[in-house]
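This report concerns only the one structure given below.
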């Protein structure tokens, strides 16, 4: 005797949706999405690293792109690239990050400020450890337009611009529900990160795969810190409501 499937009633469906999007369940859903996003980014980074180091450094795609980019060089573009690439330099990012944290603290957003500071410092430490671990040399197909003394994989500029500007975007999403503000922050942040990443290839400081790896590492750190910020903020609101 086969059992007849009885579809859920509208009332049961509404009850399920209310539970799913309640404060407690939404937090759990948010953490689950954050975990899955981190897992995906780690997997992509692993695939990229395996592809890069399977050929022990320089791969054909990196070589072709680096040689092609050299044909774009011109004095005006070189100067612009050097200026733009400074947005990923520690001499800009650390003061900018400190100023952001001060503003957040002044606005009473201490948890956001603490986690943002941790994301910048943690991102820098993470990319430093990865550079030492992978120990990839920088491109040498033509004389680079900037002098760098550290290792190549992942790109520190790509990582840190993703951490910083991605963190700013995450803060905007956390602090406002305005769709226009969120869209503007997302577009501006993505454009800045991608442009800085391109300058690293243009200037001969990195292979393309170094930059892609930096994006992935930076995004991973942003997702972790944004998830932590949202978790503590929602838990705090829930605790105040119970209290």
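The values are calculated or read from the model by the stated rules, or taken from the named source; none is laboratory data. Since we're looking at a predicted model, the values are computed, not measured. Cβ atoms come from the backbone with ideal geometry, glycine included; neighbour counts cover every protein chain shown.
Do we find a residue being surrounded by 15 or more Cβ atoms within 10 Å (Cβ to Cβ) and within 22 Å of residue 65 (Cβ to Cβ) anywhere in region 162-174? Yes, region 162-174 contains at least one residue that is surrounded by 15 or more Cβ atoms within 10 Å (Cβ to Cβ) and within 22 Å of residue 65 (Cβ to Cβ). Yes or no: region 179-202 includes at least one residue that is over 15 Å from residue 219 (Cβ atoms), touching a helix residue (DSSP H, G or I) at 6+ places or on another chain (Cβ under 7 Å) and in a loop (DSSP other than H, G, I, E, B). There is no residue in region 179-202 that is over 15 Å from residue 219 (Cβ atoms), touching a helix residue (DSSP H, G or I) at 6+ places or on another chain (Cβ under 7 Å) and in a loop (DSSP other than H, G, I, E, B). Looking at 176, 227, just one residue is under 16 Å from the mean Cα position of the chain (by Cα), over 22 Å from residue 94 (Cβ atoms) and modelled with pLDDT under 85, and that residue is 227. Taking region 108-140 as the range and being more than 14 Å from residue 225 (Cα to Cα), touching a residue at least 40 places away in the same chain (Cβ under 8 Å) and either under 17 Å from the mean Cα position of the chain (by Cα) or exposed (fewer than 13 other Cβ atoms within 10 Å of the Cβ) (or both) as the test, the residues that pass are 127, 130, 137. Residue check: is residue 158 in contact (Cβ under 8 Å) with a residue 24 or more places away in the chain and either under 14 Å from residue 225 (Cα atoms) or not in a helix (DSSP H, G or I) (or both)? Considered against the rule, which asks whether it is in contact (Cβ under 8 Å) with a residue 24 or more places away in the chain and either under 14 Å from residue 225 (Cα atoms) or not in a helix (DSSP H, G or I) (or both), residue 158 comes out as no. Scanning region 56-107 for residues that are modelled with pLDDT of 85 or more and not in a helix (DSSP H, G or I) returns 71, 72, 73, 74, 89. Between 169, 211, the distinction of being assigned to a helix (DSSP H, G or I), closer than 24 Å to residue 149 by Cβ and within 17 Å of the chain's Cα centre (by Cα) belongs to 211 only. Looking across region 97-107, the residues that are surrounded by 15 or more Cβ atoms within 10 Å (Cβ to Cβ) and over 16 Å from the mean Cα position of the chain (by Cα) come down to 100, 101, 104.
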